[in-house]
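Enquirer: Got a structure for you, questions after.
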Amino acid sequence: MFPIVLHEELSPGVHRMSVKAPEVARKCGPGQFVIVIIDEKGERIPFTVSGWDTAAKTVDFVYVEVGKSTRQLAGLKPGDNLAHLVGPLGRAAEIDRFGHVVAVASGYGIAAIVPVLDALRAKGNRVTTILQAPDVERIFGRSALERSSDRLILAAGENGPDMTASATFPLRRLLADHRGSPVDRVIVMGSICLMRIISEMTRPYGVRTMVHLTPLMVDGTGMCGACRLSVDGNNRFACVHGPEFDGHKVTGWDVLMARRCTYSDESVLRQGFQCRGCSQW
Ligand SMILES: Cc1cc2nc3c(=O)[nH]c(=O)nc-3n(C[C@H](O)[C@H](O)[C@H](O)COP(=O)(O)OP(=O)(O)OC[C@H]3O[C@@H](n4cnc5c(N)ncnc54)[C@H](O)[C@@H]3O)c2cc1C
Ligand code: FES
């Protein structure tokens, strides 16, 4: 059993959960994920780890309520137990000294990208982060991103402080600023369509762009094939070869998006996520 030690709502429908899981906390790396099973009848739910504490022996993740399992999770309280929490799974994000890294985060990616940014800055990179939210009311995790970035830009709907609805506008300006502060690497965590759009945007600039892909997963250990995707013409399993991939080498975006929304029912589609397919902002 895995006891829940903290559970709070960060913005409407977005929650942070901290769970006691000593072995997972001991081995976690930035960008890795866990699979949670709420009770003995529960399905497997993959979540990217947004933090861990080796002293307290806890791991944190932030999740968006989208369907049956995440709604059930939202009903749990500190002191309740999760039946299973398996991890860390997947490969940690590639961390090296790249120079100026621009990060784009939306949805749960706003929290999940924090350990990646901390590791990049610890290596001496300068990090500019663009936080995208559908509107100002749904911004969360701003102070954590401010702490983990050298500069934070908000893209939060037409009423946002930057008056821009999409991360693509500030990103385009940063990419065009060759002389001032060239961009050496882009990293994106958010909806699949955002990751796709940004990969296409950076391609002409030749700026390596890492995306954190979230296809449907079942076992999370490379055995079932559910999470397969096409990268550079080869079949890859996101759970063992990823979830971080070079966005310019992903060749099967259409298939990936179609498979991801296979189980979207009307209740998911009615919620008006920016990306209806992958039910994330
Ligand atoms: C590696 C990885 C990391 C993820 N990290 C996070 C995270 O940190 N926070 C977060 O909110 N969400 C994350 N997700 C997505 C999350 O797993 C789904 O939102 C969740 O499984 C939805 O379950 P549900 O029963 O509430 O919704 P459902 O009604 O079952 O499904 C709603 C939508 O969620 C997606 N989904 C459903 N089951 C899965 C599955 N097993 N694998 C992947 N997608 C699924 C589908 O797009 C589906 O249309 C991650 C997914 C992957 C693969
Ligand atoms: S989830 Fe089964 S192979 Fe990746």
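The values are calculated or read from the model by the stated rules, or taken from the named source; none is laboratory data. Only a predicted model underlies this, so the values are computations on that prediction, with no experimental measurement involved. Reconstructed Cβ throughout: ideal geometry from the backbone, glycine too, with neighbour counts over all protein chains shown. To get the accessible areas, we keep the full protein, side chains included, count just its heavy atoms, and leave off ligands, DNA and RNA. Shrake-Rupley method; radii C 1.70, N 1.55, O 1.52, S 1.80 Å.
Enquirer: Taking the Cα of THR251, stepping 7 Å toward and past its beta carbon, and measuring to each backbone N in segment 211-234: which are under 12 Å?
Expert: The answer is 230-234, whose backbone nitrogens lie closer than 12 Å to the label point.
Enquirer: Taking the Cα-to-Cβ direction at LEU10 and at ARG203 and moving 7 Å from each Cα, how far apart do the two end points lie in nm?
Expert: Going by the 7 Å Cα→Cβ label model, 3.1 nm.
Enquirer: Could you grab the relative contact order for segment 5-98? Cα pairs under 8 Å, six or more apart, rounded to a whole percent.
Expert: Values: 176 pairs, mean separation 34.2, N = 94.
After rounding, I find 36 percent.
Enquirer: Using the C-alpha gyration tensor of segment 71-126, what are the square roots of 5 times its eigenvalues, in whole angstrom, with the largest one first? Before the final figure, lay out the partial values.
Expert: Numbers: eigenvalues 193, 39, 18 Å².
The equivalent ellipsoid of segment 71-126 has semi-axes of 31, 14, 9 Å.
Enquirer: Can I ask one more? Note the direction-averaged projected area, equal to a quarter of the hull surface, for the Cα convex hull of segment 131-249, in nm².
Expert: Numbers: hull surface 34.3 nm².
So the Cα hull casts an average projection of 8.6 nm².
Enquirer: Which whole-number value in Å² is the accessible area per residue of segment 1-72, probe 1.4 Å? Working shown, then result.
Expert: Values: 3320 Å² over 72 residues.
Solvent-accessible surface per residue comes out at 46 Å².
Enquirer: By how many nm would the segment from GLU137 to VAL240 grow when fully extended, if each residue of separation counts as 0.36 nm and the alpha-carbon distance is taken off? The partial results should precede the final answer.
Expert: Working: separation 103, 0.36 × 103 = 37.08 nm, distance 3.59 nm.
Separation in residues times 0.36 nm, less the Cα-Cα distance, equals 33.5 nm.
Enquirer: Quantify, in whole percent, the carbon and sulfur part of the accessible surface of segment 100-269 (1.4 Å probe; protein heavy atoms only).
Expert: On the way: 3660 of 7230 Å².
For segment 100-269, the apolar C and S fraction of the accessible surface comes to 51 percent.
Enquirer: Hand me the tally of lysine pairs in the chain: alpha carbons under 23 angstrom apart, and the pair either on different chains or 8 or more positions apart.
Expert: Lysine pairs meeting the criterion: 9.
Enquirer: To continue, here is another question. Using 0.36 nm times the number of residues separating ALA122 and ARG97, minus their current alpha carbon distance, what extension gain do you get? Write out the running numbers ahead of the final one.
Expert: Numbers: separation 25, 0.36 × 25 = 9.00 nm, distance 0.92 nm.
Net length gain for the segment: 8.1 nm.
Enquirer: Based on the Cα coordinates of segment 2-89, what is the per residue volume of their convex hull in Å³? Present the calculation step by step, with values, prior to reporting the outcome.
Expert: Values: hull volume 7.2 nm³, N = 88.
With only Cα atoms used, segment 2-89 gives 82 Å³ per residue.
Enquirer: Cα gyration tensor of segment 81-179, axes a ≥ b ≥ c as square roots of the eigenvalues: rounded (a/c below 1.5), prolate (a/b > b/c) or oblate? Walk me through the numbers on the way to the answer.
Expert: Numbers: a/c = 2.33, a/b = 1.21, b/c = 1.93.
Oblate, because a/c is 1.5 or more while a/b does not exceed b/c.
Enquirer: How much space per residue, in cubic angstrom, does the convex hull of the C-alpha atoms of the chain take up? Show your work: numbers first, answer last.
Expert: On the way: hull volume 34.3 nm³, N = 281.
Cα convex hull per residue, to the nearest whole number: 122 Å³.
Enquirer: Moving to a separate point now. Amide H of ALA133: which non-local residues (sequence gap of 5 or more, or other chain) have their own amide H closer than 5 Å, using H built in the peptide plane?
Expert: Amide H to amide H, under 5 Å and 5 or more residues apart or across chains, ALA133 pairs with ALA155, ALA156, GLY157.
Enquirer: Further, regarding this structure: Once both labels are modelled 7 Å past Cα along the beta-carbon direction, what's the ASP80-VAL218 spacing in nm?
Expert: 2.7
Enquirer: As a test, work out the antiparallel percent of DSSP beta bridges whose residues both lie in the chain, rounded to the nearest 5. Kindly include the intermediate steps, with their values, before the conclusion.
Expert: Details: 36 of 58 bridges.
DSSP beta bridges in the chain are roughly 60 percent antiparallel.
Enquirer: Given a 1.4 angstrom probe, what's the average accessible area per residue across segment 100-269, in square angstrom? Please report the intermediate quantities before stating the final value.
Expert: Working: 7230 Å² over 170 residues.
It amounts to 43 Å² per residue over segment 100-269.
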